[in-house]
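All remarks here apply to the structure that follows.
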Amino acid sequence: MRTIYITIAFMISVTFLFLSACNYQEMEKPAIEALAVHEVYANVLLDLEDIILDDYQPTKRSEEFTRGVYLSGYTVASRRFSSILDSAEAAGINSVVFDLKNMRGDIFFDYRTYEGEKDARVVSRLNIKNISNRLRKRNMRSVARIVIFHDQYTAQERLYLRPIREDGSPWIEKSGGTPSWLDSSHPEVQYDNLRIIERVASSGVDEIQMDYVRFPTQGDVQNALFYFQIEDQFRLEQDSTYVFREQRDIIEDFVKKAKVICTSHGVDLTADIFAITAWQNPADIRQTGQDIALMTKYLDSVHPMIYSSHFADNFSNREEMKNEPYYLMYQGTKLTQRYAVENCKVIPYIQAFSWRVNFTAPYLFAQIQAIKDRGAEGFMLWNANNNYDNAFRWLKKERDVSRETSLNN
């Protein structure tokens, strides 16, 4: 029955795509043109697919323990940036992750459309090379964060790039909510993100960190149909021996293509992963597509985002998980290390905000100690509002005490 639904959905979706292009005048590029260039996207992706990475070796990098921090594109563009860097340097931060494309789809550099015009998503034109040079002068790595398949702007403006329902209409996570997710398997969606990655990789950063490189997990996901599923159904009709792909295959393939681009520019490629996927439950892998063993074949580092505030209190049969930062970080790091390939570093994001937890110095250092006890390669501070005053102060104090102890010994 689902096969019939998929076949009908494909025909309806093509019709919907064409009609929406005719009626949706605010689209930057009509969908009829998207249909015309679809073959170009597919061919470019296939060209990347043909490049063999079996002998891939990670880019040589410092063995120094990573002490990173995340900053939004808006923070980097503001007057706060310099003072934050001063505090970060004093706290021993040696890696700065900054947005060049965020969840809303905002782009923070001079990105152009296929026709050479300013992309409508550009909200600020950061000088990437200048930022990278400023960071290197402070002995900090320049890490560009690019959100991949979560893009609210494009999801609202280009309906045909979203997953669809079985009736061919655009899928949305929650009825009445804001569309946020693009179809992770759609060739045009992938090509656009690979163009962004290529543009950033050639701009002087040390590393590109991909976030939301997965399929959606919340809302009405059971009723979402993706491009690759529809395509696979038609392939099966042509070849009865054809084997359907899974979400994990789509994500692995995309990461591989991104790695080809980064390798050509001598830039590291890393990725954030959904916290729960560190446990690699088959159901979570099927839904997100984040299979750590497959993804990390093409990554220099992987960053599990392990925040105890985001776990249920009874998770893993604990009584109050949100107040057990050491246990959760230790287990999440251990499991990520277990599934990641040997050459891929594990550098978790740690909680640097107070939502649902008593965020104190002991809470912060419990997370860091768990990472060190697991022999992982570092940590990244996460605070969406970039309010790191307390975290920097505590890290600086610990650093000062450590230096004083070393001098006395």
Qualifying residue in the stretch 180-188 (condition: free of Cβ contacts under 8 Å to residues at least 60 places away in the same chain, surrounded by fewer than 19 Cβ atoms within 10 Å (Cβ to Cβ) and either among the β-branched types (Val, Ile, Thr) or outside any strand (DSSP E or B) (or both))
no
Being in a strand (DSSP E or B) and among the hydrophobic types (A, V, I, L, M, F, W, C) is the filter here; which residues of the stretch 101-156 pass it?
Ile107, Val122, Val143, Ala144, Ile146, Val147
In the stretch 340-365, residues that are buried (at least 20 other Cβ atoms within 10 Å of the Cβ) and either at pLDDT 95 or above or of a type in the set (A, V, I, L, M, F, W, C) (or both) total 10
Would you say Val143 is over 16 Å from Arg214 (Cα atoms), touching a strand residue (DSSP E or B) at 6+ places or on another chain (Cβ under 6 Å), among the β-branched types (Val, Ile, Thr) and surrounded by fewer than 22 Cβ atoms within 10 Å (Cβ to Cβ)?
no
If Ala384 satisfies all but one of (1) in contact with a strand residue (DSSP E or B) (Cβ under 9 Å, 6 or more places away or on another chain); (2) crowded, with 18+ Cβ neighbours inside 10 Å, what's the number of the condition it fails?
(2)
Of the conditions (1) in a helix (DSSP H, G or I); (2) crowded, with 20+ Cβ neighbours inside 10 Å, the single one that Thr75 does not satisfy is (2)
The number of residues in the stretch 357-383 that are assigned to a loop (DSSP other than H, G, I, E, B) and within 19 Å of Ser87 (Cβ to Cβ) is 3
Exactly one of these conditions fails for Gln337: (1) outside any helix (DSSP H, G or I); (2) polar (S, T, N, Q); (3) under 21 Å from the mean Cα position of the chain (by Cα). Give me its number.
(1)
Filter result (over 18 Å from the mean Cα position of the chain (by Cα) and more than 25 Å from Ser95 (Cα to Cα)) within the stretch 238-278
Gln238, Asp239, Ser240, Thr241, Tyr242, Val243, Phe244, Arg245, Glu246
Scanning the stretch 384-393 residue by residue, those part of a loop (DSSP other than H, G, I, E, B) and more than 21 Å from the chain's Cα centre (by Cα) turn out to be Asn387, Tyr388
May I ask you to verify whether Met295 is aliphatic (A, V, I, L, M) and modelled with pLDDT under 95?
no
Could you tell me whether the stretch 377-395 includes any residue that is among the acidic types (Asp, Glu), within 24 Å of Glu63 (Cβ to Cβ) and touching a residue at least 24 places away in the same chain (Cβ under 8 Å)?
yes
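Of the residues that sit in the stretch 209-231 and are among the aliphatic types (A, V, I, L, M) and in a loop (DSSP other than H, G, I, E, B), which one is surrounded by the fewest Cβ atoms within 10 Å (Cβ to Cβ)?
Ranking the qualifying residues of the stretch 209-231, first place goes to Ala224.
The values are calculated or read from the model by the stated rules, or taken from the named source; none is laboratory data. Computed from a predicted model, the values in this text were never measured in an experiment. All Cβ positions, even for glycine, are placed from backbone atoms using ideal geometry, and neighbour counts span all protein chains on display.
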